[in-house]
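Contents: one structure, followed by commentary.
A short reminder: the numbers here are calculations on the coordinates, not readings from a lab. Owing to the predicted nature of the structure, the values given are computational and were not obtained by experimental measurement. Note that each Cβ is placed from the backbone with ideal geometry, even for glycine, and that neighbours are counted across all protein chains shown.
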Amino acid sequence: MRLGEVSAALDRRLDPHSAAPVAVGFSGGGDSLALLLLTLDWARAHGRPVLSLTVDHQLQPDSAAWTREAVAAAQARGARALALVWTGEKPTTGLPAAARRARHALLAEAARAAGARVLLLGHTADDIAEAAVMRAEGSTVSDPRDWSPSPVWPEGRGIFLLRPLLDQRRAELRAWLRARGETWLDDPANDDPRSARARARRGTERPPRGERLQRLMARLRSGEVFTATLAGARIEAAADAVRVFRDAGETARGGLADLALAPGQTGVWDGRYEIFAGGAPVTVRALKGLASSLSKADQAALRTAPVAARPALPALVLASGAVTCPALGGPALAGADGVRIRPLFLDRFRAATGLIDQECVT
């Protein structure tokens, strides 16, 4: 194993002067154990704490016992360790994707609650090959990247994923662990042919299919003038600009659910805006059908917004019955009754396009 490459990845992405914990997703398996040990070595050299996070999906009879073993293993090696549990009913279809989303949400929320902004995951070069095979089977899993924003929203807002082992092979990691006298947990699901990942590890499937997003990016690069929709967003490409906003069709289909907030409560509406209710209750809903209730100043500001973007703007219905749209008010976005609203999409865009390339703890 090339230890220098892993250390360089940690140096490049993490802030050596921060006091925030470095979070590590730890299953107890060989890949994540190697990652935990390497992270602990780096963190000790820089005086940073390490937080180990283990998820119990409650999909196997022995999952609670495995989780306890993983937590104990992390603690024995010097990390603070937490167990996270996916509770509630599990879907009868699409279980792998649902479990993946639940896992990322639990990890991101626990990392943020602890003050961490970077979550390390133990994906290897083998995982990249397996992801390609799984997509050929129909899975929506994407290629793991070395640095990327959390894939869940809004739970993952502000959290970045770092995978410093992507250039390492699984066999090399295990050889390194054995040389150190380490042992790890083996999940039986990894050998179950009913599992897409287990089948992928046998290397008998087809190459991956193309993605709709790649076709859209090709159109944007070509300079074509067009309008398209993708994943609930409307894209208007002109000769000199590209506008991206919420697809108004989501409003017509009832896709923008209301958000009711009690005094002092904070919530995220439509994944785009974080709202703090202030001293009185407030309900956040799509502006469609409410524009006539806005103040004259808000109505004048609304006329400057693209017509197709207006129905999906956030309207705040205050306890008095008044309706306001602070998203029209510029960067401060000040609302009535002490309401504060913060747009999340710019930070998300900066993260997704690679403009944030290292740890930033605020």
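A few comments on the model shown:
- Ratio Rg/Rh [Cα only; Rh per Kirkwood] for the stretch 1-56: 0.96
- Nearest-0.05 FRET efficiency for A352 and R2, computed from C-beta distance (R0 30 Å): 0.55
- The length gained by stretching the chain between F276 and E224 to full extension, at 0.36 nm per residue less their Cα-Cα distance, is 14.7 nm.
- In this simple spin-label approximation, E69 and D258 carry label points 7 Å from Cα along the Cα→Cβ vector, and these lie 5.0 nm apart.
- Difference of contour (0.36 nm per residue) and Cα-Cα distance, D41 to A97: 16.9 nm
- Using the alpha-carbon positions of the stretch 254-349, Rg (one decimal) and Dmax (whole number) come out as 12.3, 35 Å.
- Note on A233 and T283: the model spin-label points, each 7 Å out from Cα along the C-beta direction, lie 3.0 nm apart.
- The stretch 1-152: radius of gyration over Cα atoms, expressed as a fraction of 2.2 N^0.38 Å: 1.05
- Computed extension gain for E182 through S148, at 0.36 nm per residue and net of the alpha carbon distance, reaches 9.3 nm.
- Protection proxy ranking of 315-327, 152-164 - average other beta-carbon atoms within 10 Å, highest first: 152-164, 315-327
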